[in-house]
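Each reported figure results from applying straightforward, stated rules to the coordinates on display, with no laboratory input. This one's a predicted model, so the numbers in the text were calculated from it and none came from an experiment. No Cβ is skipped: glycine too gets one built from the backbone with ideal geometry, and neighbour counts run over all protein chains shown.
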Amino acid sequence: MDALDIAEPGLWILLGLSLLVIAGRCFRVVGEDERLVVRRFGRTKGVRGPGPVVMWPVLDREVRVPLRLEPLELSCPGAVTRDGVTVQVTAAALTAVTDPVRFATAVESPAAATAMAVEGELRRHIAQRDLAELPALAAYDHAALADRVSETSMRWGVEVVLLDVTDVQIPLSGGLVHWLESRAGAR
């Protein structure tokens, strides 16, 4: 028997296993509610999915982008009204990815950036209101506010679909006492 004859079955098994591993690394399954942004050598090659996707191992890198509606719970402690009273506002938002490529490439965490944009816009919205107007804020339609936030967040491929102020708390402070005194003096 030759040494080549003995090694041949083991060589074929090793070669077959190597091909199976490489083939397994080439295939991905992308769900209905996500997309795969494929990057090759640092450049975006496209968006793939849903369904089976073939990728080149080592050359292609993938970023999975969820397309589901994502809820954001927001808290704005220390928001100041137009008349100088500090309040705490709690809000909820629903976001959706509209551009998977921007989502995958724009910033490190598009969800965190969107939350910051919503919080900033909410603070500006409260700064334009008097304390007396805040109880009606929960019943207010915030579609225009959501659209203003979406103008910013679209840079990251995220749209704010819904924005709702759920709670406004007014902590007892010197600003509140000053506001009450100014309201009593105005009468």
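Using 0.36 nm per residue and subtracting the Cα-Cα separation, the extra length available between Glu8 and Val161 on full extension is 48.9 nm. Here the simple spin-label model places points 7 Å from the Cα toward Cβ, and for Leu172 and Val47 these points are separated by 5.3 nm. A simple spin-label model places the labels of Arg40 and Leu15 2.7 nm from each other, with each point 7 Å out along Cα-to-Cβ. Binning the alpha carbon pair distances of the stretch 23-113 at 5 angstrom intervals from zero yields the distribution 3, 12, 18, 17, 13, 10, 7, 6, 5, 5, 3, 1, 0, 0, expressed in whole percent. The C-alpha atoms of the stretch 3-64 occupy a region whose extents along the principal axes are 52, 25, 11 Å, arranged from largest to smallest.
Global size of the stretch 82-166: 13.8, 44 Å for Rg and Dmax (C-alpha atoms, Rg to one decimal, Dmax whole).
Only Cα pairs under 8 Å and 6+ residues apart enter the sum, and on that basis the relative contact order of the chain stands at 20 percent. Take the chain, connect every pair of alpha-carbon atoms lying under 10 Å apart with a spring to form a Gaussian network, then pick out the residue of Ser150, Ser75, Ser18 with the largest mean-square fluctuation. Top of the fluctuation ranking is Ser18.
Which entry is the computed Cα extents along the principal axes in Å for this structure: (1) 111, 27, 25; (2) 47, 41, 31; (3) 66, 41, 38? Of the labelled values, this structure produces (1). A straight line joining the Cα centroids of the stretch 107-172 and the stretch 34-63 runs 34 Å. Among Leu163, Leu20, Leu74, the largest mean-square fluctuation in a Gaussian network model of the chain, built with springs joining Cα atoms closer than 10 Å, belongs to Leu20. Screening the chain for whole DSSP H helices with an alpha carbon extent of at least 27 angstrom along the helix axis and a mean Kyte-Doolittle hydropathy of at least 1.0 yields 3-26.
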